[in-house]
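The values are calculated or read from the model by the stated rules, or taken from the named source; none is laboratory data. Note that the coordinates shown come from a computational prediction; the quantities given were computed from them, not determined experimentally. Don't worry about glycine lacking a Cβ; one is built from the backbone with ideal geometry, like all the others, and counts go over all protein chains shown. Accessible surface areas use protein heavy atoms only, side chains included; no ligands, DNA or RNA. Shrake-Rupley method; radii C 1.70, N 1.55, O 1.52, S 1.80 Å.
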Amino acid sequence: MENVTYNISPKQKQDKLYEAFREEDFQLSLAYLVGFFEAINNLNFKLQGKKKNIIAHTDVISGFTEQIHLWKRKVQVGNFSSFSHLNELLSEKRKIEQYDKTKEVLSHLDSLAEEFIPYFPDVSMENSLWTLVQNPFHTDVELLLKSLQEDAIDLKCDSSTKRDFETMKSEEFWVKYLPMYPKVGEEAFSVILPFSSYLCEAGFSALVVLKTKLAL
């Protein structure tokens with residue numbers, strides 16, 4: 001059978017794209033995604049900064065997680081006000097009651113929640129390691145691993161560590177006392193370091209710019 005090649009002109013491609021954007025289903029999906037990515041971009045902005053780490057991110061992470069659950073509860077009853085662009089479009093078309101994408105939105109939010117969890121550690125107050133990093137002097141030592149308990153007790157009873165903890169940044173504190181209390185110090189850095197990558201990223205970005213200029 002002879003192969004047939006269909007040549008589509010740029011004008012035809014533009015017309016097809018124009019017609020796609022005119023489809024109501026596409027417009028509604030796009031409106032939802034616009035609101036969704038606005039929320040993600042806002043989260044990303046809050047997590048940036050060379051002085052940020054998991055300590056500073058706790059409230060942001062917890063707040064965003066709660067927002068996801070709030071969005072789901074509202075969408076389940078047909079309330080799309082959390083996604084302003086979608087809500088506005090539905091109101092204009094008076095189709096909020098007939099919107100048939102609710103299951104898709106809920107499925108997407110469920111996937112978001114599942115994907116979000118692995119990227120962030122458990123920062124709840126029930127996590128004994130997290131409380132150790134946040135404030136080693138308010139930590140219940142018996143909840144820590146047995147291998148850390150003696151080191152944690154020594155640190156808590158050191159009067160100099162108490163004074164420094166009140167005046168130093170968390171990273172500076174753990175850097176200073178890592179040689180003296182290596183077991184708890186190493187565990188603290190296992191929490192802090194993954195979220196202190198801004199300087200590394202900024203360094204790579206600067207290197208890319210430098211190499212680009214040299215290549216030119």
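Some points to look at:
- For the criterion of being surrounded by fewer than 16 Cβ atoms within 10 Å (Cβ to Cβ) and at pLDDT 85 or above, residue 97 fails.
- Positions within region 59-90 being polar (S, T, N, Q), crowded, with 17+ Cβ neighbours inside 10 Å and part of a helix (DSSP H, G or I), in sequence order: 87
- Filtered by the rule that a residue be under 28 Å from the mean Cα position of the chain (by Cα) and open to solvent by 90 Å² or more (accessible area, probe 1.4 Å), region 146-172 gives 169, 172.
- Considering region 116-145, the residues that are at pLDDT 70 or above and among the aromatic types (Phe, Trp, Tyr) include one that is least open to solvent (accessible area, probe 1.4 Å), namely 130.
- Inter-residue pairs, beta-carbon under 6 Å, first within 16 Å of residue 178 (Cα to Cα) and in region 144-156, second open to solvent by 80 Å² or more (accessible area, probe 1.4 Å) and assigned to a helix (DSSP H, G or I), 6+ apart: 148/183; 151/183
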